[in-house]
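First the structure, in the form of structure tokens, and then the observations on it.
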Amino acid sequence: MKFIPCLVFLFIPMILFCTPGFIWGQANDDARYIAKHYEKLERYIPMRDGIRLFTSIYIPKNNTKKYPILLQRTPYSVAPYGGKLKSRIGPSMLFARDGYIIVYQDVRGRMMSEGIFEAVRPHNSPKRSNMDIDESTDAYDTISWLLTNISNHNGRVGVWGISAPGFYATHSLINAHPALKVVSPQAPVTDWWIGDDRHHNGAFQLQASFSFLSFYGHPRPKPTTKRATGFSDYGTADGYQWYLDLGPLSNINKKYLLGKNKIWNDMMNHPNYDTFWQSRTPLPHLRDITPAVLIVGGFFDAQDLYGPLKTYAAIEKNNTGIHNHLVMGPWWHGGWSSGSGRNYQDIYFEQPTATQYREKIEFPFFNYYLKDTPNPNLAEANIFVTGLNKWFHFDQWPPEKAKDLSLYLKPNKKLSFDSPVGTNDYAEYVSDPAKPVPHTSQIVITRDDKYLIQDQRFAASRSDVLVFESEVLQENLTITGELFAHLYVTTTGKDADFIVKLIDVYPDVTKDTKGNPKSPKMSGFQLMIRGEVMRARYRNSFTNPEPMTSGEITEIVFDMQDVAHTFLRGHRVMVQIQSTWFPMVDRNPQTWMPSIYEADADDYKKATHRVYFTKKFPSHLSLKVLE
């Protein structure tokens, strides 16, 4: 088995759509500024149980002023270690240039820190003694040490982090240190089973999980400055074929991980939403919050869209009157932290959305709470509506004025806001696990999150994908807020996955993007606004799965996550329905066994699925329309 250093896309923000000269020129300017104006300290900070966490502290050389402290706790390394400096520090360089003490810490059990690492460590409550630890106590103890041992601070602390560091940012809110004044969980990992990274509604995210966990779950016998390595010996660039040839999911442990990857083993040993998973989400503990909160996410985030939306909702529900703000932009995972955000590949937004966020929202928000600068008076929800390509500022999310409507599947492959009237209308397809629908038209071996903005015509042409389409819109249709799928289905099997995609179909007269030789044909382009999977065995309970009854009409309802998009006049609305999305999602055998992770090759069977759209069984999407 061959390993190479893993490119950790979860913590290295993507820098796209800028010229190489600009990127390197700016990076060099930033690095020179840090070298001139900052010194770095490296310290082991003791926690209440005696474990020491390695911490890298960047302090302004000008010691005539007092500065706030900004802290990020990360499982991805505070590198570089030793005398070398980072070339960029803080949420953006605006903070370093304005004067902040900026701190990075390897979390417990990762890289140079002592202790045992536990991915998505549960919050430990109630604590039985003052030696009980969790990520909240580690954040608290770190802040206490910094305030005592670092000079020239002003007594105020902020915490931020993207993705897994966002998970640790969220935990710092729980029983927060009194000096912690502002926290920004950004695309925070929040629930690895229901909606983030590893599973969606119980369906295992195969391709991303294997490539990521092969490094993330790699054993670390002792503290080290060397990052773990990930699996690379695929022998092909074709991920679709590699995972198909792999066979049942159990072959990953048998052939590659060999039972040595603890995080992978935890996944396989807990297929359902049992107490193992329930204990690992911070959402139930987000009560009595005292810091101001700025939650950030991207509507094109293939990894952690669930996290910012549900974290905002939980804090809002359980903490009346606090300063809780949500920012959702047209961004991929971490796409707001660098670059202009003017476009994502061939989808253009007509303005530098990421630059606007950093300069007009993030920086003044932190400065207000940490430096007493003028109040930026942010709206509670700052939402970029794609299609219309415009920022909206709401006093709550979803917007109070958004009207609940249902978009119904209709006979003859139609979509309409009018409910169906027939008595026996349905569409059916054969789902064959041996010939699954690919999630991307590209040849990729590891995770490629750009599938979210790929033209969906490649899937619409398959016989195992149902397609429903509206008439040409005569006026703009703006959808803002929650999106749920309501399906009435039958199957000839005992289990099934159902993938629903909401798609914006461009007019045939749409011109191609200029200046990009790889640009797709935009005439008739099918842009996926939201796509989500539901594993039918969990239709009634995530904790207690149930087989389907062959031939029996079954209702399946699931959360597709929020949207903010305008279908422009002249466009069409499309819905696609399928039962495989491979290799992003592992294949459902469509037979029954207590755990799909223990399925054998013979368990995978073809099945015929029907989706009904009648007066009694009106399959539809429930959504919120802003008028």
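The values are calculated or read from the model by the stated rules, or taken from the named source; none is laboratory data. All values reported here derive from a predicted model rather than from experimental measurement. Positions of Cβ are generated from backbone atoms using ideal geometry, with glycine treated the same way; all protein chains shown enter the neighbour counts. For accessibility, only protein heavy atoms count, side chains too; no ligands or nucleic acids. Shrake-Rupley method; radii C 1.70, N 1.55, O 1.52, S 1.80 Å.
Taking each residue of segment 350-367 that is farther than 16 Å from TRP331 by Cα and looking for partners that are assigned to a helix (DSSP H, G or I) and not aromatic (Phe, Trp, Tyr) with beta-carbon atoms closer than 6 Å, six or more apart or interchain, yields PHE363/LEU94. Criterion applied to TYR348, TYR368, TYR429, TYR357 was being over 23 Å from SER622 (Cα atoms), out of contact with any His (no Cβ under 9 Å at 6 or more places or on another chain) and open to solvent by less than 20 Å² (accessible area, probe 1.4 Å), and the one residue passing it is TYR357.
Going by what's in this entry, would ASN424 be described as open to solvent by less than 50 Å² (accessible area, probe 1.4 Å) and touching a residue at least 24 places away in the same chain (Cβ under 8 Å)?
Values: open to solvent by less than 50 Å² (accessible area, probe 1.4 Å): no; touching a residue at least 24 places away in the same chain (Cβ under 8 Å): yes.
No, not satisfied.
One line per residue, one yes/no per condition, for (1) without any contact (Cβ under 8 Å) to a residue 12 or more places away in the chain; (2) open to solvent by less than 10 Å² (accessible area, probe 1.4 Å); (3) not in a loop (DSSP other than H, G, I, E, B):
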{"site": "SER463", "(1), (2), (3)": "no, no, no"}
{"site": "VAL472", "(1), (2), (3)": "no, no, no"}
{"site": "GLU475", "(1), (2), (3)": "no, no, no"}
{"site": "THR478", "(1), (2), (3)": "no, no, yes"}
{"site": "ALA485", "(1), (2), (3)": "no, yes, yes"}
{"site": "VAL489", "(1), (2), (3)": "no, yes, yes"}
{"site": "VAL500", "(1), (2), (3)": "no, yes, yes"}
{"site": "THR513", "(1), (2), (3)": "no, no, no"}
{"site": "ARG530", "(1), (2), (3)": "no, no, yes"}
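With respect to the conditions (1) out of contact with any helix residue (DSSP H, G or I) (no Cβ under 9 Å at 6 or more places or on another chain); (2) surrounded by fewer than 22 Cβ atoms within 10 Å (Cβ to Cβ), LEU305 falls short on a single one, namely (2). Name every residue in segment 76-130 that is within 28 Å of the chain's Cα centre (by Cα) and surrounded by fewer than 16 Cβ atoms within 10 Å (Cβ to Cβ), in order of residue number. Result: PRO80, ILE116, ASN124, SER125.
Listed here are the residues, each with its yes/no results for (1) over 30 Å from PRO178 (Cα atoms); (2) open to solvent by 20 Å² or more (accessible area, probe 1.4 Å).
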| site | (1), (2) |
| --- | --- |
| ASP191 | no, no |
| PHE212 | yes, no |
| HIS218 | yes, yes |
| TYR243 | yes, no |
| TYR256 | yes, yes |
| TYR273 | yes, yes |
| PRO284 | no, yes |
| ARG287 | no, yes |
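Of all positions in segment 221-233, none carries a residue that is closer than 25 Å to PHE54 by Cβ, out of contact with any Ser or Thr (no Cβ under 8 Å at 6 or more places or on another chain), of a type outside the set (D, E, K, R) and open to solvent by less than 10 Å² (accessible area, probe 1.4 Å).
When segment 350-376 is filtered for residues that are of a type in the set (Ser, Thr, Tyr), under 17 Å from LEU70 (Cα atoms) and part of a helix (DSSP H, G or I), the ones remaining, listed by number, are TYR368, TYR369. Close Cβ contacts (under 7 Å, 6 or more residues apart or on different chains) running from residues in segment 558-573 that are in a strand (DSSP E or B) to residues that are open to solvent by 10 Å² or more (accessible area, probe 1.4 Å) and modelled with pLDDT under 95 are absent.
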